[in-house]
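The values are calculated or read from the model by the stated rules, or taken from the named source; none is laboratory data. Note that the structure is a prediction, hence the values are computed from the model and not measured. All Cβ positions, even for glycine, are placed from backbone atoms using ideal geometry, and neighbour counts span all protein chains on display.
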């Protein structure tokens, strides 16, 4: 368990690994990221990853099981980095700031994270994973803690938490069509979503 301003937030920890398994995992993820940067996610294959990383094909298949599993692992690693910024980084995203400002910063940071990782998330979609969902579920409990801190009425707290969490996962639906966040159209989309979240939170918490 981890804490956010004194409230318990479930943060799943990676399973313990042997040293050689941990080295292989880091090597494979670093190699996969390099392959994505050089050739795009669509050109990353299980056999190609094994060749580029200099390991046996069996190592890759045991680690990830499927091609989509490579991208699920990449997305999970990025998710953990984002969570660490939420749990222990500087405010307003991290602890110590006004709850409303933190909620705005969290949503805007989450939207940015989702859009910046859209290529990996799209590749993580498999037959048994129609929508890419990464991470151990920080969003809903974190939003609830911040709504309570902002003094939002308890009668509506659970409903508002659910609705705000759903609004944050909305960008997942854009993975198939959203422009690259680094391009002009992508930047406009990102700014519009971030501003929309700010308006939503402000109206919920300060009306």
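For (1) over 16 Å from residue 125 (Cβ atoms); (2) out of contact with any helix residue (DSSP H, G or I) (no Cβ under 8 Å at 6 or more places or on another chain), each residue gets a yes or a no:
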| residue | (1), (2) |
| --- | --- |
| 44 | no, no |
| 49 | yes, no |
| 52 | yes, no |
| 62 | yes, yes |
| 76 | no, yes |
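From the list 196, 107, exactly one residue is at pLDDT 90 or above, in a helix (DSSP H, G or I) and surrounded by fewer than 16 Cβ atoms within 10 Å (Cβ to Cβ). Which is it?
Of 196, 107, the one residue that is at pLDDT 90 or above, in a helix (DSSP H, G or I) and surrounded by fewer than 16 Cβ atoms within 10 Å (Cβ to Cβ) is 196.
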For region 80-101 the number of residues that are surrounded by fewer than 17 Cβ atoms within 10 Å (Cβ to Cβ), touching a helix residue (DSSP H, G or I) at 6+ places or on another chain (Cβ under 8 Å) and not in a loop (DSSP other than H, G, I, E, B) is 1
Selection from region 110-149 of residues surrounded by fewer than 19 Cβ atoms within 10 Å (Cβ to Cβ), part of a helix (DSSP H, G or I) and at pLDDT below 85 yields 116, 119, 122
Surrounded by 15 or more Cβ atoms within 10 Å (Cβ to Cβ) and modelled with pLDDT under 90: does that describe residue 9? yes
